[in-house]
Amino acid sequence: MINARRFFLGLFLIFLCGSFSWAQDAPQKLASGDLTTKAWIAHGKKDLEATKKYTQECIDLYQKEAAEEQAALSALPKNKKEIEAVQSLNDVATCYFIQAESLMRQEKTADAKKIFQLIIAKYSYGQAWDPRGWFWSLRLAAEQTIKKIETGSIDIVEKKKVSQLVTKLVLADSGNEDFVDYPKYGEFKNIGTKDYQYLVTDQEGLIAAVGEGIYPNNSAVRKDPIFKAVIKDKRLEGDAWDFLYSPDLEAAFVKWTTSSEPQGVRLYCTGLILEKAGLITQALKCYYAIVVNFPGSYGWTYWHTPWYVGQAAIGKINFLLRRNPQLGYKLEGAKIDILNGFDNDISNDVTVASPGQFVKMDLASEAAKIKPVPETIGIKKTVGHGKVSLVQYNNDDWQLLVEGKPYIIKGITYAPTKIGQSPDEGTLGNWMEEDLNKNNKIDGPYDSFVDRNRNNLQDADEPNIGDFKLMQEMGVNTIRLYHHPLKVNKELMRDMYSTYGIRVIMGDFLGKYAIGSGATWNPGTDYNNPEHRKNMIESVKKMVLEFKDEPYILFWLLGNENVYGYACNANEDPVAYFKFVNEVAKIIKTLDPEHPVAICSGDVLFLDKFGKNAPDIDIFGTNAYRGDYGFGAFWRQVKEQTGKPAFITEFGCPAYAEGKNTDEAEELQAQYHLGSWEDIQDNMAFAGNQGNALGGVVFEWLDEWWKAYEPAIHDTKGLWTGPFPDGYMHEEWLGMSGQGDGKLSPFLRQLRKVYYMYQKKWK
């Protein structure tokens, strides 16, 4: 999934890893992972001798095990648990890859090519770990490099694994009820408890009501003419998961309704296919069947973390009803809690379920309802008494106030990276200082222009306008920025605020990626280590003292999804981490009582532990990529576990989708963002739902071409599987704006549909 110029090395890795002493090697046999890590570090330092030493030692010690693991596989492992089960294979293949990369650096391309071919032939299922959070295929990376050696291009078109026939799904049996009256066909017991059950008393009636493919009517699919057709045409060959994004909706529907996946997962994926086919009421029945019958069902993400299907199904139902008001229904009282469900251990999970019910809704009456306003409710609590504060009203809703006025975070991550630059190769510049055209203006903020006709030229009617102005016109009022490792240009930030009205959420990584802690990348920051803690506190103090009086500061942000544990141990000891976060928050408030303090976590992982151990954090923020329906139970869970206001620190969707043209992919990106923002809106104060949403930060302003490691090429390979239009995260395509063919980077901007969607919603 990743292209060949893969090293997370150069300046970036050296900065994070610090110094390394080769003399510390123990004489005993080292683990393959340790040898691989040492090999990467040596390669990053351009130490050819050490690179050769550590790669060859790993190969010599573990190639027999690697060969056995390769022989035992029939396909590329798909999730973190499966991948880590073949560690020797991964490390031996990676060490061969490092050797080849080292030879490429020495311009010994013929020798490098032989090793790349060896990886393809003998270690095709090996994968390497990227510290940004995913694995990548060494075979594909090797193929791409060979292709680049031979042709100068890296793009490899892989044959689709499942049917790509375009079909329209027409069901033979859609059931006789659009919104199934479950009490008519069974009995609900112990609603709202861990002993919840739905007992079917009239199975034939329920089967007739739900229609084919929906539990308990799974077998009816085999009577549908499309079943015989797809069998006859051999259109079911391939993995069920690959069918989720196939245009062959008939085959996808049959594949999933007859799959061996757990019932909840099967129903959810069937619902996705029905949605795609435009069969909305049938999709609603599919999702609600999960809530009623399998509320505690779960699947596994790419990283082998639990995905609670019932909670996602409720989110999908609310999303579809919001998008289709003509149906005239709302879901009331549906709630699924997974006790002990904020960690990665499912063995102690307990499901507490209330299925709720569909209620007819009078649209005119709903529209006529008078929404409460702050003046009529009154304030329950105020957090902070400075220029920026938080208020909780007597109905428990929250708002962020700036100079006494409500402030919705309409934020964006801004990093206008010039194509060709990469932190992996130590070439990343500081966008806050770069003036590549030597006109005494910072490039991205002031000199960018909109390529309206997308001809990759700056025409006479396309003047320089600058990103700050474009973001202002989009409705952006906030950017998220970290004070390290790059220097912050205060004058630039002051002008961004005074001229364009854009404020800054200023962050400290708090030891993530080992930044600020003084730790090496491996094993990373230890939140129980006194020296690491001292270094991080000094880093935060420096940030606050340097920026607290700057007019553009909105509030402080600690960490960046540290709970995922890359180069830190927050995932291993979350209690120690959150207690440290709380200690840091208290220090910040002694230095600056004028601005709130927030955390940037990773979805809701360890949310319960955060709630118990970080009372002095004012705002819970998290990076979340859940799908086009928004964030589901997130707002309620934060409210119940912490009582705090919340915002999404990072969310987004690629503007590239396999099998879609540019226009189609941009529309899918815009619709994904629309669903996310509508969910945020619906949970703001006085909107009638949880009332604790403060806004969100879109990721990101501009495509960054280095994310898949070949910084001069706009790579289209998926980096990891997830809830995106084609099932993959294409991290080089997340921008509200693209950079065209790259020849006029960092100045050219091609604004996408999502830009205009936000312009409409935010202004």
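The values are calculated or read from the model by the stated rules, or taken from the named source; none is laboratory data. This is a predicted model, so every value here is computed, not measured. Here the Cβ is made from the backbone with ideal geometry for all residues, glycine too, and neighbour counts use every protein chain on show.
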Problem set entry | Top-ranked residue of the stretch 83-132 - restricted to ones that are in contact (Cβ under 8 Å) with a residue 40 or more places away in the chain, of a type in the set (Gly, Ala, Ser) and out of contact with any Phe, Trp or Tyr (no Cβ under 6 Å at 6 or more places or on another chain), ranked as surrounded by the most Cβ atoms within 10 Å (Cβ to Cβ) | GLY126
Problem set entry | Members of the stretch 98-138 found to be closer than 30 Å to GLU561 by Cα, assigned to a helix (DSSP H, G or I) and out of contact with any strand residue (DSSP E or B) (no Cβ under 7 Å at 6 or more places or on another chain), listed by number | ILE98
For this session: Might you let me know whether the stretch 380-396 holds any residue that is buried (at least 19 other Cβ atoms within 10 Å of the Cβ), among the hydrophobic types (A, V, I, L, M, F, W, C) and without any contact (Cβ under 8 Å) to a residue 40 or more places away in the chain?
Result: yes
Exercise. Checking ILE553 against (1) farther than 27 Å from GLU531 by Cα; (2) β-branched (Val, Ile, Thr); (3) in contact with a Ser or Thr (Cβ under 8 Å, 6 or more places away or on another chain), which test does it fail?
Worked result: (3)
Exercise. Yes or no: GLN690 surrounded by 24 or more Cβ atoms within 10 Å (Cβ to Cβ) and over 20 Å from GLY602 (Cα atoms)?
Worked result: no
Seminar exercise, completed: The lone condition ASP337 fails out of (1) out of contact with any Phe, Trp or Tyr (no Cβ under 8 Å at 6 or more places or on another chain); (2) modelled with pLDDT under 95; (3) not hydroxyl-bearing (Ser, Thr, Tyr) is (2)
Seminar exercise, completed: Subset of the stretch 706-761, residues small (Gly, Ala, Ser), under 22 Å from the mean Cα position of the chain (by Cα) and surrounded by 22 or more Cβ atoms within 10 Å (Cβ to Cβ), comes to ALA708, GLY718, GLY735, SER737, GLY738
Exercise. Out of all the residues in the stretch 629-638, is one or more free of Cβ contacts under 8 Å to residues at least 12 places away in the same chain, surrounded by fewer than 21 Cβ atoms within 10 Å (Cβ to Cβ) and over 20 Å from VAL476 (Cβ atoms)?
Worked result: no
Problem set entry | Test: ILE419 is among the hydrophobic types (A, V, I, L, M, F, W, C), at pLDDT below 95 and part of a loop (DSSP other than H, G, I, E, B) | no
Exercise. If you take the residues of the stretch 51-74 that are in a loop (DSSP other than H, G, I, E, B) and free of Cβ contacts under 8 Å to residues at least 24 places away in the same chain, which of them is nearest to the chain's Cα centre (by Cα)?
Worked result: SER74
For this session: Name every residue in the stretch 642-691 that is assigned to a loop (DSSP other than H, G, I, E, B) and of a type in the set (A, V, I, L, M, F, W, C), in order of residue number.
Result: CYS653, ALA655, ALA657, ALA685, PHE686, ALA687
Problem set entry | Subset of the stretch 358-378 (residues that are assigned to a strand (DSSP E or B) and in contact (Cβ under 8 Å) with a residue 40 or more places away in the chain) | PHE358
Seminar exercise, completed: Output for Cβ contacts, cut-off 8 Å, separation at least six or different chains, first residue touching a residue at least 12 places away in the same chain (Cβ under 8 Å) and among the basic types (Lys, Arg) in the stretch 674-701, second surrounded by fewer than 24 Cβ atoms within 10 Å (Cβ to Cβ) and not in a loop (DSSP other than H, G, I, E, B), reads none
Problem set entry | Any chance LEU390 is in contact with a Lys or Arg (Cβ under 9 Å, 6 or more places away or on another chain) and of a type in the set (A, V, I, L, M) | yes
Seminar exercise, completed: Those residues of the stretch 438-463 which are polar (S, T, N, Q) and surrounded by fewer than 16 Cβ atoms within 10 Å (Cβ to Cβ) amount to ASN439, ASN440, ASN453, ASN455, ASN456, GLN458
